[in-house]
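These notes concern the structure reproduced below.
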Amino acid sequence: MAEYVALLRGINVGGIRIPMADLRALVAELGHGDVSTVLASGNVRFTSDSDDIAALRTDLEAALADRFGYDAFAFVHRRDHVAAVTGAYPFDEQDGVHAYVVFVADETVLEQLLGVDVDEVESVERGDGVVYWSVPQKQTLTSAFGKELGKAKYKATTTNRNLRTLRKILG
């Protein structure tokens, strides 16, 4: 039995409202155990006998689309991977600065994001399937990296979480 974390993109923002109780029920109906959600933004922990992460993602996205009627994007990782990338955050955490981990599902997209000519106020660095990003508060959407990350072409292949949220997810 393996422990997983599913990070769902766009839940309870932009008009997609899913009660966490309904989300937990759906994941349990897919045959997973120990299902719990963290915060109300599409963070799900569960256990599964499956070790096929791609199938877990595909099944979850299809079930979400079917049940809730939207284009679902799920990023499924083993819990230990999420713990490792969270623990490897390379920048100093500071007041007034957001500490993000951007999960990237496509190596080509990862390379594109790492090629962004970032502003002097922000920092990016490659991790294991992620981009670490440090940016001052109130500049997330206006920084060079933030503007690039916000483009619609990355919707299906990226999702980000701040370190505080990841630590809550990990428990």
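Size of segment 86-134 from its Cα atoms: along the principal axes, largest to smallest, the extents are 32, 25, 12 Å. When shorter helices are ignored and each DSSP H run of at least 4 residues is given -39500 (n - 2.57), the per-residue value for the chain at 222 nm works out to -9500 deg cm²/dmol.
Charge tally for F68 (other residues, Cβ to Cβ under 12 Å; Lys, Arg +1; Asp, Glu -1): -2.
When the alpha carbon gyration tensor of the chain is reduced to an equivalent ellipsoid, its three semi-axes come out at 27, 17, 15 angstrom, largest first. Binning the C-alpha pair distances of segment 2-81 at 10 Å intervals from 0 yields a P(r) profile of 20, 61, 19, 1 %, listed from the shortest bin outward. Under 5 Å from the amide H of D34 lie the amide H atoms of T47, each residue being 5 or more positions distant or on a separate chain, with H modelled from the backbone and absent for Pro and chain starts. Contact order, relative form, for segment 91-170: 39 percent (alpha carbon pairs under 8 Å, 6 or more residues apart, mean separation divided by residue count).
Segment 1-43 and segment 126-168 have Cα centres lying 20 Å from one another. With contacts taken as Cα pairs under 8 Å at a separation of at least 6 residues, the chain carries a relative contact order of 23 percent. The alpha-carbon of K147 sits under 14 angstrom from the alpha-carbons of these aspartates and glutamates, leaving out residues fewer than 8 places away in its chain: D117, D119, E122. For segment 91-170, how big is the tail of P(r) above 16 Å, as a whole percent of Cα pairs? Taking all Cα-Cα pairs of segment 91-170, the fraction more than 16 Å apart is 46 percent. Here the 3J(HN,Hα) profile of segment 93-110, calculated from phi with Karplus coefficients 6.51, -1.76 and 1.60 at θ = phi - 60°, is 7, 9, 4, x, 10, 7, 10, 10, 10, 9, 7, 10, 8, 9, 4, 4, 5, 4 Hz, Gly and Pro shown as x.
Readers should treat all values here as calculations from the given coordinates under stated rules, not as data from a laboratory. Quantities reported herein were computed from a predicted structural model and do not represent experimental measurements. Neighbour counts run over all protein chains shown; Cβ positions are idealised from the backbone, glycine included.
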